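Here is the structure we will look at.
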Amino acid sequence: MNSIGQKISLTTLGCAKNLADSENMLGLLLAAGYQITTTPQQADICIVNTCTFIQESTNQSLDTLINLGDQDKKLIVSGCLAQRYKEELFTEIPQVKAILGTGDIEQIVNAVHWVAKNNKPKSFFNTEKGYISNSKIPRVRLSGGISAYVKISEGCNHRCSFCIIPSLRGNLKSRPIEDIISEIKELSEAGTKEVILISQDSTAYGIDLYKGEWKISALLEAIATQTDIPWVRLMYSYPGEVTDQMLEVIKRYDCLIKYIDIPLQHSHSEVLKRMKRPISSKETIDKIRQKIPNIALRTTFIVGFPGETEDEFEHLANFIETEKFDRVGVFTYSQEDGTNGASLKNQISTKIKKARQKKLLQIQEKVSLEKNQKLIGTKQIVLCEKLIENKLIGRTFRDAPEIDGQIIIQDNSLENPESLLGEFKEVKIIEAGTYDLIAELI
């Protein structure tokens, strides 16, 4: 069997940025003539695009590799785990036959060709960390045709004391505005209704390309005025970089969804100092809400950071209870080698971290239910995106794909619900759960 005749599978772990990289790898492989299967068991060569952001994701990546190795599959490892451990993977998992760093996505065809022809392991590392694509690189959309992720930059210039990502992805590298616009226009022509802008730090977009200036406002305005995408969602806004200009642009254009994802990580100033994060959480949220009163806010917090006292934790619990965010994710601190936080004194036990996480999630569940109940009887615009057991499922502007809630539309009179997929429909909310809402078509 020649190498082109072999079947390739690709498993993606971790964040949406990894998903975008996987979509480029699949596009390059298909352009080279390789057969792709969605079932690893049917593949001759299995690619795993890995994550190692926290210990849990590292374990998931290793478990996936070991499981496929036990099936006697030839493995190619890409992504953050490969960047972090490099040639160690060859020793630890003999079935690994090639590794690619985070900046080596376009080497995937060469890696597959090597593995198909050779049994000796080979590294395809480059010195450059972090991959930033362009609109001309082939891409297979794994997120479906209705919504699409567009990576606007790669890497991060911040050095938060809990985060290993800069050492794996490098400093921030931005795509030119014109190239992003070109990709979004192509997506629009293909029927995409929602573009989700992703990066490690979206608010710092452009600082490397445009004479040290943040250009996220200019990018958002260009998308709003030069494309006809109905929904544009901004993810990963860094708290210290949310400017008045950015908020004014989001407010001005209807297509720019009134939704901001802003990972605050904590509320107490002393914890934020130890995290090497901006200490103005409250001020930033107040500014956003003042500029855009009906904004939907998603944030994430870390509990159990080294030295987090009971008083500091209670400050965070009260902050979540009083600020009433629309969406909240809570992570337990993961002690990662190579980060400043790993060497700090007063590490918190797993038991305490889990208990604190549980308490915050319970607080947010109550907040979320209260917010959802207030929506009963209101009319909402929903993007219909999938059918489950013949029920139409969609999202409002308040909900990002996969991580937020959804709208379940109950209407047994629909003869052809599939015809509504990808459409915006007006609904009336009739029931509310903690995260999901029940609605009927108007």
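The values are calculated or read from the model by the stated rules, or taken from the named source; none is laboratory data. Just so it is clear, the model here is predicted, and its values are computed rather than measured. Don't worry about glycine lacking a Cβ; one is built from the backbone with ideal geometry, like all the others, and counts go over all protein chains shown.
Could you list, in sequence order, all residues of the range 68-105 that are outside any loop (DSSP other than H, G, I, E, B), under 21 Å from the mean Cα position of the chain (by Cα) and on the phi < 0 side of the Ramachandran plot? Outline the logic, then answer.
First pass over the range 68-105, keeping only residues outside any loop (DSSP other than H, G, I, E, B): 68-70, 74-85, 88-92, 96-99, 105.
Next, only the ones that are under 21 Å from the mean Cα position of the chain (by Cα) stay: 77-84, 105.
Once the filter is applied, which keeps residues that are outside any loop (DSSP other than H, G, I, E, B), under 21 Å from the mean Cα position of the chain (by Cα) and on the phi < 0 side of the Ramachandran plot, the range 68-105 yields VAL77, SER78, CYS80, LEU81, ALA82, GLN83, ARG84, ILE105.
Against the condition on the phi < 0 side of the Ramachandran plot, of a type in the set (A, V, I, L, M, F, W, C) and assigned by TED's automatic domain parsing to the domain that holds LEU197, how does ILE403 come out, does it pass? It would help to see each step written out before you state the result.
On the way: on the phi < 0 side of the Ramachandran plot: yes; of a type in the set (A, V, I, L, M, F, W, C): yes; assigned by TED's automatic domain parsing to the domain that holds LEU197: no.
So ILE403 fails the test.
Among LEU437, LEU387, which is aliphatic (A, V, I, L, M) and either under 29 Å from GLN362 (Cα atoms) or exposed (fewer than 13 other Cβ atoms within 10 Å of the Cβ) (or both)? It would help to see each step written out before you state the result.
Values: LEU387 fails: either under 29 Å from GLN362 (Cα atoms) or exposed (fewer than 13 other Cβ atoms within 10 Å of the Cβ) (or both).
Answer to the check: LEU437.
Checking the conditions here, which among ILE363, ILE430, ILE352 is assigned by TED's automatic domain parsing to the domain that holds GLY307, more than 27 Å from the chain's Cα centre (by Cα) and at pLDDT 95 or above? Before the answer, list the steps.
Working: ILE363 fails: more than 27 Å from the chain's Cα centre (by Cα); ILE430 fails: assigned by TED's automatic domain parsing to the domain that holds GLY307.
Unique residue meeting the criteria: ILE352.
If only one of ILE137, ILE99 is outside the structural domain of PRO401 (by TED's automatic domain parsing), more than 28 Å from ASP179 (Cα to Cα) and not hydroxyl-bearing (Ser, Thr, Tyr), which one is it?
Working: ILE137 fails: more than 28 Å from ASP179 (Cα to Cα).
Being outside the structural domain of PRO401 (by TED's automatic domain parsing), more than 28 Å from ASP179 (Cα to Cα) and not hydroxyl-bearing (Ser, Thr, Tyr) holds for just one of ILE137, ILE99, which is ILE99.
Based on what the data block shows, is ILE132 out of contact with any Phe, Trp or Tyr (no Cβ under 9 Å at 6 or more places or on another chain), closer than 30 Å to TYR333 by Cβ and outside any helix (DSSP H, G or I)?
Against the criterion (out of contact with any Phe, Trp or Tyr (no Cβ under 9 Å at 6 or more places or on another chain), closer than 30 Å to TYR333 by Cβ and outside any helix (DSSP H, G or I)), ILE132 qualifies.
Considering each residue of the range 324-382, count those that are of a type in the set (D, E, K, R) and under 20 Å from GLY394 (Cβ atoms), and give that number.
Adding up the residues that qualify gives 5.
In the range 210-230, what count of residues is obtained for those that are part of a helix (DSSP H, G or I) and either outside the structural domain of LYS193 (by TED's automatic domain parsing) or surrounded by fewer than 19 Cβ atoms within 10 Å (Cβ to Cβ) (or both)?
Filtering the range 210-230 for residues part of a helix (DSSP H, G or I) gives 216-226.
Now narrow it down to the ones that are either outside the structural domain of LYS193 (by TED's automatic domain parsing) or surrounded by fewer than 19 Cβ atoms within 10 Å (Cβ to Cβ) (or both): 218, 222, 224-226.
Adding up the residues that qualify gives 5.
Among the residues of the range 304-323, is there at least one that is among the β-branched types (Val, Ile, Thr), within 28 Å of GLN380 (Cα to Cα), without any contact (Cβ under 8 Å) to a residue 12 or more places away in the chain and surrounded by fewer than 14 Cβ atoms within 10 Å (Cβ to Cβ)? Can you show your working first?
Filtering the range 304-323 down to residues among the β-branched types (Val, Ile, Thr) leaves 309, 320, 322.
So of that shortlist, the ones also within 28 Å of GLN380 (Cα to Cα) come out as 320, 322.
Next cut, without any contact (Cβ under 8 Å) to a residue 12 or more places away in the chain only: 322.
In the following step, the residues that additionally are surrounded by fewer than 14 Cβ atoms within 10 Å (Cβ to Cβ) were identified as 322.
Looking for residues that are among the β-branched types (Val, Ile, Thr), within 28 Å of GLN380 (Cα to Cα), without any contact (Cβ under 8 Å) to a residue 12 or more places away in the chain and surrounded by fewer than 14 Cβ atoms within 10 Å (Cβ to Cβ), one finds at least one in the range 304-323, hence yes.
Do you know which residues across the range 433-442 are of a type outside the set (D, E, K, R) and out of contact with any Lys or Arg (no Cβ under 8 Å at 6 or more places or on another chain)?
First, pick out the residues of the range 433-442 that are of a type outside the set (D, E, K, R): 433-435, 437-439, 441-442.
Once the filter is applied, which keeps residues that are of a type outside the set (D, E, K, R) and out of contact with any Lys or Arg (no Cβ under 8 Å at 6 or more places or on another chain), the range 433-442 yields GLY433, THR434, TYR435, LEU437, ILE438.
For the range 289-348, give me each residue that is of a type in the set (Ser, Thr, Tyr) and either assigned to a helix (DSSP H, G or I) or over 30 Å from CYS255 (Cα atoms) (or both).
Taking the range 289-348 first, the residues of a type in the set (Ser, Thr, Tyr) are 299-300, 309, 322, 332-334, 339, 343.
Correct list: THR309, THR322, THR332, TYR333, SER334, THR339, SER343.
For the range 338-358, enumerate the residues that are within 13 Å of GLN55 (Cβ to Cβ) and free of Cβ contacts under 8 Å to residues at least 12 places away in the same chain.
Result: ALA342, single match.
Considering only residues that are exposed (fewer than 14 other Cβ atoms within 10 Å of the Cβ) and outside any strand (DSSP E or B), which ones fall in the range 412-432?
ASN412, SER413, GLU415, ASN416, GLU418, SER419
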